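S.K.: One structure coming up, written as structure tokens, with questions to follow.
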Amino acid sequence: MKKTQLFFVALLSAFALVFTSCDKEEETKDTDPTLYERLGEQAAIEAVVDQFITNVAADTRINSFFATTDIPRLKRLLVEQICQATGGPCEYTGRDMKSSHAGLGITTDDFNALVEDLVAALDEFNVPAAEQTELLGILGPLAPDIIEE
């Protein structure tokens, strides 16, 4: 799988995870910034998610999967997951990936299309390679819960 495909798989996989919240009171001034902070915090995550959703909506290869989706809710859940997974103050309130994608018949080709849409959003906001790699490492383990080939 290509690096961009793995990144997208990792991102989607993260939506199934409920990470332990970052306890800001225990942080000290000597700690390194979290990935959440290095990504630009809430506003930056929201901007990338907005662009990603716009890209997917325009992508005729996959937009039919989202025809009946509550887009504002999807956006909120995506932001929550990324925020929480990267050490931010958010708490994910959605369902796991296996439940969310059961019966949709998502294929590797569908995933590849989403990867292209996500990479385009990340590229538009100049997300550094190091942060993308770190995010991939955090979010990667649940990809098999999404693809149903």
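The values are calculated or read from the model by the stated rules, or taken from the named source; none is laboratory data. All of these numbers come straight from a predicted model, not from anything done at the bench. Because the Cβ atoms are built from the backbone with ideal geometry, glycine has one as well, and the counts that use them run over all protein chains shown.
S.K.: Would you pick out the residues in the stretch 95-113 that are hydrophobic (A, V, I, L, M, F, W, C), assigned to a helix (DSSP H, G or I) and within 17 Å of residue 144 (Cβ to Cβ)?
M.R.: At the first step, the residues of the stretch 95-113 found to be hydrophobic (A, V, I, L, M, F, W, C) are 97, 102, 104, 106, 111, 113.
Still in the running and assigned to a helix (DSSP H, G or I): 97, 111, 113.
If the condition is that a residue be hydrophobic (A, V, I, L, M, F, W, C), assigned to a helix (DSSP H, G or I) and within 17 Å of residue 144 (Cβ to Cβ), then 97, 111 are the ones that fit.
S.K.: Right, here's the next one. Does residue 13 fit the bill of being within 15 Å of residue 138 (Cα to Cα), modelled with pLDDT under 90 and surrounded by 15 or more Cβ atoms within 10 Å (Cβ to Cβ)? Before the answer, list the steps.
M.R.: Values: within 15 Å of residue 138 (Cα to Cα): yes; modelled with pLDDT under 90: yes; surrounded by 15 or more Cβ atoms within 10 Å (Cβ to Cβ): yes.
Against the criterion (within 15 Å of residue 138 (Cα to Cα), modelled with pLDDT under 90 and surrounded by 15 or more Cβ atoms within 10 Å (Cβ to Cβ)), residue 13 qualifies.
S.K.: Now for a different question. If we scan the stretch 70-82, do we find a residue that is among the charged types (D, E, K, R) and in contact with a Ser or Thr (Cβ under 7 Å, 6 or more places away or on another chain)? Even if it seems obvious, please write down each step before you answer.
M.R.: Our first condition is that a residue be among the charged types (D, E, K, R); within the stretch 70-82, this holds for 70, 73, 75-76, 80.
Now narrow it down to the ones that are in contact with a Ser or Thr (Cβ under 7 Å, 6 or more places away or on another chain): 80.
Yes, the conditions are met somewhere in the stretch 70-82.
S.K.: Also: Select from the stretch 116-146 the residues that are outside any helix (DSSP H, G or I) and at pLDDT 85 or above and list them in ascending order.
M.R.: Here is the first cut: in the stretch 116-146, the residues outside any helix (DSSP H, G or I) are 125-128, 146.
Correct list: 125, 126, 127, 128.
S.K.: Return yes when residue 53 is aliphatic (A, V, I, L, M), assigned to a helix (DSSP H, G or I) and either at pLDDT below 90 or at positive phi (or both) and no when it is not. Outline the logic, then answer.
M.R.: On the way: aliphatic (A, V, I, L, M): yes; assigned to a helix (DSSP H, G or I): yes; either at pLDDT below 90 or at positive phi (or both): no.
No: the conditions fail for residue 53.
S.K.: Something else about it: If we scan the stretch 75-94, do we find a residue that is in a helix (DSSP H, G or I), among the aromatic types (Phe, Trp, Tyr) and buried (at least 20 other Cβ atoms within 10 Å of the Cβ)?
M.R.: Quick first cut of the stretch 75-94, residues in a helix (DSSP H, G or I) only: 75-85.
Going one step further and asking which of them are among the aromatic types (Phe, Trp, Tyr), we end up with none.
Scanning the stretch 75-94 turns up no residue that is in a helix (DSSP H, G or I), among the aromatic types (Phe, Trp, Tyr) and buried (at least 20 other Cβ atoms within 10 Å of the Cβ).
S.K.: A further question on this structure: Residue by residue through the stretch 96-112, note down the ones that are surrounded by 15 or more Cβ atoms within 10 Å (Cβ to Cβ) and of a type in the set (S, T, N, Q).
M.R.: Residues satisfying the conditions are 100, 112.
S.K.: OK, next. Identify the single condition in (1) loosely packed, with under 14 Cβ neighbours inside 10 Å; (2) assigned to a loop (DSSP other than H, G, I, E, B) that residue 64 does not satisfy, given that it satisfies every other one.
M.R.: That leaves (2) as the condition not met.
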